[in-house]
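The values are calculated or read from the model by the stated rules, or taken from the named source; none is laboratory data. Everything numeric in this text was worked out from a predicted model, so none of it was measured. Ideal geometry is used to build each Cβ from the backbone, glycine not excepted, and the neighbour counts take in all protein chains shown.
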Amino acid sequence: MKILAATHNKGKMREYAELLADLPVAWVSLSDVGIETDVEETGDTFEENACLKAATYACQSGLLTLADDSGLEVEALYGAPGVQSARYAGPGASDEDRYRLLLANLEGVPDEKRKARFVCVIAIATPHGKVFTAEGARGGYIIHEPRGEHGFGYDPVFWIPGYRATMAELEPEVKNRISHRALAVKAIRPRLERLVRYDSALSLGAEHRDEAEAASNE
Ligand code: IMP
């Protein structure tokens, strides 16, 4: 069974394939199936954007499709940058421009009020129009100066109290175990397993249709 990981980001594609490596599926990318277009992220929530991407690419490719949307929510900024995380400092800005703007917007905010969370919503869409979602979130605080060299995005300013480190100071294997993305994968896994069972029951023939339906609706 083939699953489309609907991302142009090779790092994310690898991360999903690794986190779900035990499933009997072949992962393909958007470029593998010849899709060059981007779906505009017009939703107001991570869930809306993830569903929009998964459903559009599933329809275009005819494959079971996994898409995600993620970002950082800061309590003192009423949830910003949120779904705008990638576009926070405008077009052409770098990761550093974005976290510097965040630090500037938090100037004068005391430590205990710098609570934040990384959120990731994964959507899985079937080519027939069913969409399933799951969310993962990792809480922390925004510190005052960047620390660490790993990761990307807002990782250098995101402090995780339980690890006494920023996300960018964690080794990639550790981040990939505890991140909002890893938690969302964990949450969506049972659904994905049922969809894989559904697909293999269907491929056995029409007499297994009831079994397949039951697996997909469990
Ligand atoms: P997207 O889900 O790839 O659209 O990511 C949206 C934006 O959220 C990224 O460009 C980053 O700025 C931020 N972001 C999402 N996940 C992470 C993460 O694991 N670390 C740091 N920043 C992240």
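Some observations on this one:
- The listed residues are Glu75, Glu107, Glu96, and the only one of them that is touching a Lys or Arg at 6+ places or on another chain (Cβ under 9 Å) and surrounded by fewer than 20 Cβ atoms within 10 Å (Cβ to Cβ) turns out to be Glu75.
- The numbered conditions (1) away from the ligand (no atom under 13 Å from the Cβ); (2) within 19 Å of Asn9 (Cβ to Cβ); (3) in a loop (DSSP other than H, G, I, E, B) are all true for Gly43 except (1).
- Members of the stretch 98-137 that are aromatic (Phe, Trp, Tyr) and under 18 Å from Ala86 (Cβ atoms): Tyr99, Phe118
- Cβ-Cβ under 7 Å pairs, at least 6 apart or on other chains, the stretch 84-110 side touching a residue at least 24 places away in the same chain (Cβ under 8 Å), far side more than 11 Å from the ligand (Cβ to nearest atom) and assigned to a helix (DSSP H, G or I): Asn105/Leu77; Leu106/Ala76; Val109/Ala76
- Failed item, numbered, when Val119 is tested on (1) within 12 Å of the ligand (Cβ to nearest atom); (2) closer than 23 Å to Gly43 by Cβ; (3) of a type outside the set (D, E, K, R); (4) free of Cβ contacts under 8 Å to residues at least 60 places away in the same chain: (4)
- Against the test of being hydroxyl-bearing (Ser, Thr, Tyr), at pLDDT below 95 and more than 17 Å from Gly153 (Cβ to Cβ), the options Thr37, Thr65, Thr56 yield a single qualifying residue, Thr37.
- Scanning the stretch 144-170 for residues that are more than 14 Å from the ligand (Cβ to nearest atom) and assigned to a loop (DSSP other than H, G, I, E, B), we see that the one that is farthest from Gly71 (Cα to Cα) is Arg164.
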